[in-house]
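Just below is one structure, and these are the notes that go with it.
The values are calculated or read from the model by the stated rules, or taken from the named source; none is laboratory data. Being a predicted model, the structure only gives us computed values, none of them experimental. No Cβ is skipped: glycine too gets one built from the backbone with ideal geometry, and neighbour counts run over all protein chains shown.
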Amino acid sequence: MANYPPAARGMLLGEIDTPALVLELDAFERNLELLPAIVRGSGARVRPHAKSHKCVEIARRQLRAGAVGICCQKVSEAEVFVDGGIGDVLVTNEVVGRPKIRRLAELAHRARIGVCVDDAGNVVELSAVAEATGVVLDTLVEINVGGNRCGVAPGEEAVQLALAVRNAPGLRFAGLHAYYGTAQHMRAVAQRRAASQLSAAHARDTRDALSRFGLPCETITGGGTGTFFFDATSGVFNELQPGSYVFMDADYQRNEWQDAPRFEASLFVHSMVMSAAAPGHVVVDAGLKALAVDSGLPLIRGGRGLSYAGASDEHGVVTVADGVAAPRLGERLQLVPGHCDPTVNLYDHMIVARNGRVEDIWPVAARGALW
């Protein structure tokens with residue numbers, strides 16, 4: 001069954017059906033312009049992570065704002081963006097298994113494609129498929145800089161893997177991937193600064209070790225919305241991967257920013273009060289199937305003494321503070337998602353609005369691209 005968008009161009013936002021994913025263009029455009037302005041002069045280029053938005057139109061606008069390319073997390077995401085005309089894509093992940101590797105290699109006939117490795121056996125497999133396909137894959141060695149997820153140990157272990165990449169037909173050693181994911185959500189500015197310094201130290205030491213083996217390290221890429229400012233000024237990172245900066249979800253808003261640059265919330269789930277039958281709370285039509293809550297519950301825009309207190313599949317319970325007038329049946333509430341990336345992945349369409357009116361509808365073309 002076709003999934004039609006819940007709005008049409010020219011509609012007032014109060015007329016769209018709910019729940020709906022709404023992007024407010026003015027705030028989005030300010031975020032889009034702020035990132036390159038902050039980074040300018042640091043020597044670091046911007047390669048935003050498209051897993052946050054999964055939208056070809058947003059990627060195009062990021063490139064027009066000065067990005068050198070985009071990041072994806074899965075091969076199927078990369079396929080969507082290359083099909084959409086994006087010519088430089090780094091898969092910031094390990095790609096394992098011949099079916100995925102074949103698809104990745106085929107993309108390199110149409111775009112510059114990069115991939116990460118943290119295993120010598122994977123290097124052999126990538127090399128065999130790339131050589132058979134007649135392409136060259138930019139290959140970055142991923143180092144574990146503190147996140148304890150993927151990546152080999154910095155230093156000697158990384159050097160040995162880089163040497164294997166250098167000697168593998170069909171692969172080109174393109175540098176280091178040094179991403180510290182959990183650091184992005186450390187609340188205190190000082191914590192995030194320290195985590196960035198640790199990442200940079202590991203990457204610097206590995207770069208220096210590579211040079212002793214005659215291996216130039218043209219790219220050290222990493223960073224995210226929470227640490228990119230510190231990464232840019234480290235003198236080590238020359239490529240940055242923030243993704244959520246275009247939207248700024250509730251979890252990022254819980255970070256402390258102080259003197260660090262701060263982006264605006266631009267992405268909202270519009271919901272409607274579907275029940276106001278009980279005192280002290282109302283129920284909206286946006287629950288677990290409309291919002292990701294892995295990073296916490298959404299915030300209600302404007303507060304108003306209302307708190308999103310719990311979600312079930314199709315319902316969200318909103319508590320009403322004492323002395324506050326409860327929203328009426330049919331009233332619209334705008335929710336700031338707790339985690340923008342998986343929330344976006346729940347929708348086929350992004351309703352794009354300016355000044356309270358629908359200006360456009362953008363497909364979330366890489367929705368469900370999980371493999």
Scanning region 32-52 for residues that are in contact with a Phe, Trp or Tyr (Cβ under 7 Å, 6 or more places away or on another chain) and of a type outside the set (Ser, Thr, Tyr), the one surrounded by the fewest Cβ atoms within 10 Å (Cβ to Cβ) turns out to be Leu34
(Q) Taking the conditions exactly as written (within 20 Å of Gln62 (Cα to Cα) and of a type in the set (S, T, N, Q)), does Gln241 satisfy them or not? (A) yes
In region 236-248, residues that are closer than 15 Å to Ala203 by Cα and touching a residue at least 60 places away in the same chain (Cβ under 8 Å) total 4
Query raised in the report: Is there a residue being surrounded by fewer than 22 Cβ atoms within 10 Å (Cβ to Cβ) and under 18 Å from Pro242 (Cβ atoms) anywhere in region 164-184?
Result: yes
For region 243-263 the number of residues that are more than 15 Å from the chain's Cα centre (by Cα) and crowded, with 18+ Cβ neighbours inside 10 Å is 1
Inside region 64-78, the number of residues satisfying the requirement of being within 17 Å of Gly224 (Cα to Cα) and either assigned by TED's automatic domain parsing to the domain that holds Met350 or under 15 Å from the mean Cα position of the chain (by Cα) (or both) is 6
Notebook entry, point to check: Looking at this structure, is Ala278 without any contact (Cβ under 8 Å) to a residue 40 or more places away in the chain and not hydroxyl-bearing (Ser, Thr, Tyr)?
Noted result: yes
Of (1) under 28 Å from Tyr347 (Cβ atoms); (2) modelled with pLDDT of 95 or more, Asp231 satisfies every one except (1)
Subset of region 134-146, residues more than 15 Å from Ala203 (Cα to Cα), of a type outside the set (A, V, I, L, M) and buried (at least 18 other Cβ atoms within 10 Å of the Cβ), comes to Asp138, Thr139
Residue count, region 295-326, condition among the hydroxyl-bearing types (Ser, Thr, Tyr), surrounded by 15 or more Cβ atoms within 10 Å (Cβ to Cβ) and part of a loop (DSSP other than H, G, I, E, B), comes to 1
Here the residues within region 40-63 that are polar (S, T, N, Q) and closer than 14 Å to Val89 by Cβ are Gln62
**Asked** Hey, any hits in region 335-343 for a residue that's at pLDDT 95 or above, surrounded by fewer than 16 Cβ atoms within 10 Å (Cβ to Cβ) and assigned to a loop (DSSP other than H, G, I, E, B)?
**Response** no
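Residue by residue, here is whether (1) without any contact (Cβ under 8 Å) to a residue 60 or more places away in the chain; (2) polar (S, T, N, Q); (3) at negative phi holds:
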| site | (1), (2), (3) |
| --- | --- |
| Ala190 | yes, no, yes |
| Ala195 | yes, no, yes |
| Gly226 | yes, no, yes |
| Phe229 | no, no, yes |
| Ser234 | yes, yes, yes |
query = Does region 170-183 contain at least one residue that is assigned by TED's automatic domain parsing to the domain that holds Val117, out of contact with any helix residue (DSSP H, G or I) (no Cβ under 7 Å at 6 or more places or on another chain), without any contact (Cβ under 8 Å) to a residue 60 or more places away in the chain and over 17 Å from Gly114 (Cα atoms)?
reply = yes
The condition from (1) over 13 Å from Tyr245 (Cα atoms); (2) in contact with an Asp or Glu (Cβ under 7 Å, 6 or more places away or on another chain); (3) crowded, with 16+ Cβ neighbours inside 10 Å; (4) modelled with pLDDT of 95 or more that Glu24 misses is numbered (2)
> Taking Ala292, is it surrounded by 18 or more Cβ atoms within 10 Å (Cβ to Cβ) and over 20 Å from Leu13 (Cβ atoms)?
Replying inline: yes
In the set Ala128, Ala111, Ala105, the lone residue that is farther than 25 Å from Val68 by Cβ, at pLDDT 95 or above and not basic (Lys, Arg) is Ala128
Filtering region 142-165 down to residues that are farther than 20 Å from Arg102 by Cα, in contact with a Leu (Cβ under 9 Å, 6 or more places away or on another chain), not small (Gly, Ala, Ser) and not in a loop (DSSP other than H, G, I, E, B) yields Glu142, Ile143, Val152, Val159, Leu163
Notebook entry, point to check: For Gly155, are the conditions met, namely being out of contact with any helix residue (DSSP H, G or I) (no Cβ under 6 Å at 6 or more places or on another chain) and either surrounded by fewer than 24 Cβ atoms within 10 Å (Cβ to Cβ) or modelled with pLDDT under 95 (or both)?
Noted result: no
Quick count over region 185-218, residues being among the polar types (S, T, N, Q) and either crowded, with 18+ Cβ neighbours inside 10 Å or not assigned by TED's automatic domain parsing to the domain that holds Asn238 (or both), is 3
Within region 287-297, the count of residues that are within 21 Å of Pro6 (Cα to Cα) and touching a residue at least 40 places away in the same chain (Cβ under 8 Å) comes to 4
